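Below is one structure, written out as structure tokens; the observations come after it.
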Amino acid sequence: MKPLEGITVLDFSQFLSAPSATMRLADLGARVIKVERPDSGDICRTLYVSNLKIEEDSSLFHSINRNKDGVSLDLKNPDCREDLENLLSLADVMVVNFRPGVAKRLGLDYTSVSAGHPQIVYGEITGYGTAGPWSSRPGQDLLVQSLSGLAWLNGNQDQPPTPMGLSVADLFAGQHLAQGILAALIKRAACGEGSYVHVSMLESVMDMQFEVFTTWLNDGHQPPLRSAVNNANGYINAPYGIYRTADGYIAIAMVPITTLGQLVNCDALAAYTDPETWCSRRDEIKAVLAEHLLTGTTAHWLSLLEPADVWCSDVFTWERLFETDGFKELDILQTVRTRGGTEFTTTRCPITIDGEHYKSEKPAPRIGQDNRIYLEN
């Protein structure tokens, strides 16, 4: 039995952030009913991250909405209100990510819903909160990364602000919403009361930066200084970074510079005996190391560093990672079969409980595929 079996979630959300939260709840055993517009459904069906389509919908839609049931409902049509109330009566949790004001106009805001369903756990994701001058801005991942300061942490010192190559604002917000919903379900089990759980994408991105942002807050607002050479963290001393080798790359984390110099036979590093210089002369040290590492292969440097317990690694592409025994041991992949018979591979739930990996072949729903089950009396 999965932990959330018996919990029903109404998913009114679209795009990526909130659907990723409901997908995780489905992975953990919840019955998730995705509610879409009758005509075009979730905009994510046609939101392509590449030219890859699976049958008629984007691969992104299939990967983020797997393991869900689906109904279609025109939320603006008063004649659908009875069907909507019937769905709400089934639900333990409902999730939305409308722009501020839309849920209220539809009668789907927390105040309206909880008046008739006081035990419901209501989850919402916004871009920048429900009030204030930014509340009406679109909660789009690149824009949130840009406003949050995150883009200024990436790339070398002479490079422009660089966003991360993933939709981190969406995905962190989704996981934070899932955490909040689980906490609210525990509260409800204890006292019988529902809750309003709100997450904004900006707050989630600020939280993911807590380590470096806390330093800034308590260090006289001194900005992190990106390294001019192989930047990996604005605050961490040399040699922290990824370096080119004769045949590839190597990542080296924290290790005393003098120790590193001895291990890789770089005599020039022996001059940096004062640990203070590992910060104050960080780029100088990294430049010396970068030039030296070009003289040997990645395997050669790893053969010297790994036996000395230095934190280091090769730098893999997905293709190389895919072939490793370490990746295979994780059993992180699963095969999903669409209702049209197409099979595709994606990741499973990354949470293991009592040794069990949670997988499901259940695909993303077609628009309105389960109306007969949930809407027709």
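Filter region 107-148 down to the residues that are in contact with a strand residue (DSSP E or B) (Cβ under 9 Å, 6 or more places away or on another chain), part of a loop (DSSP other than H, G, I, E, B) and either closer than 25 Å to residue 190 by Cβ or not aromatic (Phe, Trp, Tyr) (or both) and list them by number.
Matches in region 107-148: 108, 109, 117, 120, 127, 129, 130, 135, 139.
Just wondering, is there one or more residues in region 330-340 that are in contact (Cβ under 8 Å) with a residue 60 or more places away in the chain and either in the same structural domain as residue 70 (by the TED database) or open to solvent by 40 Å² or more (accessible area, probe 1.4 Å) (or both)?
Residues of region 330-340 in contact (Cβ under 8 Å) with a residue 60 or more places away in the chain: 336, 338, 340.
Retained after the next criterion (residues that are either in the same structural domain as residue 70 (by the TED database) or open to solvent by 40 Å² or more (accessible area, probe 1.4 Å) (or both)): 340.
Yes, the conditions are met somewhere in region 330-340.
Those residues that are among the basic types (Lys, Arg) and either touching a strand residue (DSSP E or B) at 6+ places or on another chain (Cβ under 7 Å) or not in a loop (DSSP other than H, G, I, E, B) (or both), I need them from region 334-356; list them, please.
Kept after step one, since they are among the basic types (Lys, Arg), are these residues of region 334-356: 337, 339, 348.
Listed by number, the residues that qualify are 337, 348.
Among the residues of region 245-267, is any under 24 Å from the mean Cα position of the chain (by Cα) and farther than 25 Å from residue 132 by Cα?
Taking region 245-267 first, the residues under 24 Å from the mean Cα position of the chain (by Cα) are 251, 253.
Okay, now just the ones that are also farther than 25 Å from residue 132 by Cα, so 251, 253.
Yes, region 245-267 has at least one match.
Is there a residue in region 213-233 that is open to solvent by less than 60 Å² (accessible area, probe 1.4 Å), under 30 Å from residue 128 (Cα atoms) and part of a helix (DSSP H, G or I)? Outline the logic, then answer.
Step one: of region 213-233, the residues open to solvent by less than 60 Å² (accessible area, probe 1.4 Å) are 215, 224, 226-233.
Add one more test, that the residue is under 30 Å from residue 128 (Cα atoms), and what stays is 215, 224, 226, 231-233.
Next, from what is left, pick out any that are part of a helix (DSSP H, G or I): 215.
Within region 213-233, one or more residues are open to solvent by less than 60 Å² (accessible area, probe 1.4 Å), under 30 Å from residue 128 (Cα atoms) and part of a helix (DSSP H, G or I).
Answer yes or no as to whether residue 285 is under 30 Å from residue 238 (Cα atoms) and either surrounded by 12 or more Cβ atoms within 10 Å (Cβ to Cβ) or outside the structural domain of residue 64 (by the TED database) (or both).
yes
What number of residues in region 150-181 are in contact (Cβ under 8 Å) with a residue 24 or more places away in the chain and assigned to a helix (DSSP H, G or I)?
16
Quick one: residue 269 ticks every box in (1) open to solvent by less than 20 Å² (accessible area, probe 1.4 Å); (2) of a type in the set (A, V, I, L, M); (3) not in a helix (DSSP H, G or I) bar one, so which box is it?
Among (1) open to solvent by less than 20 Å² (accessible area, probe 1.4 Å); (2) of a type in the set (A, V, I, L, M); (3) not in a helix (DSSP H, G or I), the lone unmet condition for residue 269 is (3).
Among 20, 50, which is open to solvent by less than 60 Å² (accessible area, probe 1.4 Å), among the polar types (S, T, N, Q), over 15 Å from residue 349 (Cβ atoms) and in the same structural domain as residue 94 (by the TED database)? Don't jump to the end; show me each part of the working.
Values: 20 fails: over 15 Å from residue 349 (Cβ atoms).
Going through 20, 50 in turn, the sole match is 50.
Do we find that residue 277 is surrounded by fewer than 16 Cβ atoms within 10 Å (Cβ to Cβ) and not hydrophobic (A, V, I, L, M, F, W, C) in this structure?
Working: surrounded by fewer than 16 Cβ atoms within 10 Å (Cβ to Cβ): no; not hydrophobic (A, V, I, L, M, F, W, C): yes.
Criteria not met by residue 277.
Going through 27, 74 one at a time, which residue ends up being over 20 Å from the mean Cα position of the chain (by Cα), at pLDDT 95 or above and not small (Gly, Ala, Ser)? Outline the logic, then answer.
Details: 27 fails: over 20 Å from the mean Cα position of the chain (by Cα).
Within the list 27, 74, the selection yields 74.
Here are the criteria: (1) closer than 25 Å to residue 100 by Cα; (2) not in a loop (DSSP other than H, G, I, E, B). Tell me which single one residue 14 does not satisfy.
Failing condition for residue 14: (2).
Quick one: residue 43 ticks every box in (1) out of contact with any Pro (no Cβ under 9 Å at 6 or more places or on another chain); (2) surrounded by 16 or more Cβ atoms within 10 Å (Cβ to Cβ); (3) of a type in the set (A, V, I, L, M) bar one, so which box is it?
If we test residue 43 against (1) out of contact with any Pro (no Cβ under 9 Å at 6 or more places or on another chain); (2) surrounded by 16 or more Cβ atoms within 10 Å (Cβ to Cβ); (3) of a type in the set (A, V, I, L, M), just (2) comes out false.
Taking residue 311 and the conditions (1) touching a Phe, Trp or Tyr at 6+ places or on another chain (Cβ under 7 Å); (2) open to solvent by 80 Å² or more (accessible area, probe 1.4 Å); (3) among the aromatic types (Phe, Trp, Tyr), which numbered condition does it fall short on, given that it satisfies the others?
Among (1) touching a Phe, Trp or Tyr at 6+ places or on another chain (Cβ under 7 Å); (2) open to solvent by 80 Å² or more (accessible area, probe 1.4 Å); (3) among the aromatic types (Phe, Trp, Tyr), residue 311 violates only (1).
Determine whether region 311-320 contains at least one residue that is at pLDDT 95 or above, more than 29 Å from residue 152 (Cβ to Cβ) and not in a strand (DSSP E or B). I'd like the intermediate steps shown before the answer.
As a first pass, look at region 311-320 and keep what is at pLDDT 95 or above: 311-320.
Narrowing further to those that are more than 29 Å from residue 152 (Cβ to Cβ): 319-320.
With not in a strand (DSSP E or B) added as a condition, the list becomes 319-320.
Checked against the condition, which is being at pLDDT 95 or above, more than 29 Å from residue 152 (Cβ to Cβ) and not in a strand (DSSP E or B), region 311-320 yields at least one hit.
Can you name the condition, by its number, that residue 152 falls short on among (1) out of contact with any Pro (no Cβ under 7 Å at 6 or more places or on another chain); (2) over 23 Å from residue 189 (Cα atoms); (3) open to solvent by 10 Å² or more (accessible area, probe 1.4 Å); (4) not acidic (Asp, Glu)?
(1)
Could you list, in sequence order, the residues of region 24-40 that are open to solvent by 20 Å² or more (accessible area, probe 1.4 Å) and in a helix (DSSP H, G or I)?
24
The values are calculated or read from the model by the stated rules, or taken from the named source; none is laboratory data. Since the model is a prediction, treat every value here as computed from it, not as a measurement. Reconstructed Cβ throughout: ideal geometry from the backbone, glycine too, with neighbour counts over all protein chains shown. When the accessible area is computed, the model is the full protein with side chains, heavy atoms only, and any ligands, DNA or RNA have been set aside. Shrake-Rupley method; radii C 1.70, N 1.55, O 1.52, S 1.80 Å.
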